[in-house]
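Bear in mind these aren't lab numbers, they're just calculated from the coordinates by the rules spelled out. Treat the numbers as computed from the prediction; the structure is a model and nothing was measured. Methodologically, a virtual Cβ is constructed for each residue, glycine included, from the backbone with ideal geometry; neighbour enumeration extends over all protein chains shown.
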Amino acid sequence: MSRKIVLASNNAGKLAELSQMLAPLGFELHPQAEFGVPEADEPFGTFVENALAKARHASRLTGLPALADDSGICANALGGEPGVHSARYAGEPKSDARNNQKLVEALAAQADKSANYYCVLVYVRHADDPQPLIADGRWQGEVVATPRGQGGFGYDPHFWLPPQQCTAAELSSDEKNRLSHRGQALAALTEKLRSSLV
């Protein structure tokens, strides 16, 4: 198995988090932009379908194994929104600040501020891989109106973690990698990758 993987994303935050977590296995993660791969369409209503489409797209255009992440925040009072629309919740161009503002405003009149970050990771050995490796993770928290912390990205400054009594943006990168939806999904995927390396 090739240890060079294309990440089907140009998100610098995701690249940093996933690279740090995959390094112990000897994988080199390269963003798709390095290979001139444009972003794939994400027309589907589920995280797993979008992640699979992104992974196949990046693998097809590079000839390399590909890893794709589809993740977002799902607010219970909003029926799971923004969900798969998290990155573009407030429209184009993408803006973390506007996305956060829209979510806080949407929840302002709701008593239930609970939400979860959800992540699906898909790894394909080649574009037509009939047995993609798929793993997911869920991170429970609450949406708070006032942002706190300088770390992380996306909705992290507004994602309150009751057990830690801080937001995701206030965690160290090591703590976040251990606790987060992406960390949980990658831990599960890593076990599957380990098994396939044997």
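From L161, L103, grab the single residue that is free of Cβ contacts under 8 Å to residues at least 24 places away in the same chain, over 21 Å from D69 (Cα atoms) and buried (at least 18 other Cβ atoms within 10 Å of the Cβ).
From the options L161, L103, the qualifying one is L161.
Report, by residue number, each residue of region 101-120 that is closer than 16 Å to V144 by Cα and either in contact with a Gly (Cβ under 8 Å, 6 or more places away or on another chain) or assigned to a loop (DSSP other than H, G, I, E, B) (or both).
A108, A109, Q110, A111, D112, K113, S114, A115, N116, Y117
Candidates Q110, Q101, Q131: the one that is under 25 Å from A187 (Cα atoms) and over 19 Å from the mean Cα position of the chain (by Cα) is Q131.
Once region 24-41 is narrowed to residues that are of a type in the set (D, E, K, R) and either in contact with a strand residue (DSSP E or B) (Cβ under 7 Å, 6 or more places away or on another chain) or in a loop (DSSP other than H, G, I, E, B) (or both), the residue that is surrounded by the fewest Cβ atoms within 10 Å (Cβ to Cβ) is D41. Residue count for region 164-198 satisfying the condition of being small (G, A, S), surrounded by fewer than 20 Cβ atoms within 10 Å (Cβ to Cβ) and outside any helix (DSSP H, G or I): 1. In region 135-158, the qualifying residues are those that are free of Cβ contacts under 8 Å to residues at least 40 places away in the same chain and among the acidic types (D, E), and the one that is surrounded by the fewest Cβ atoms within 10 Å (Cβ to Cβ) is E142.
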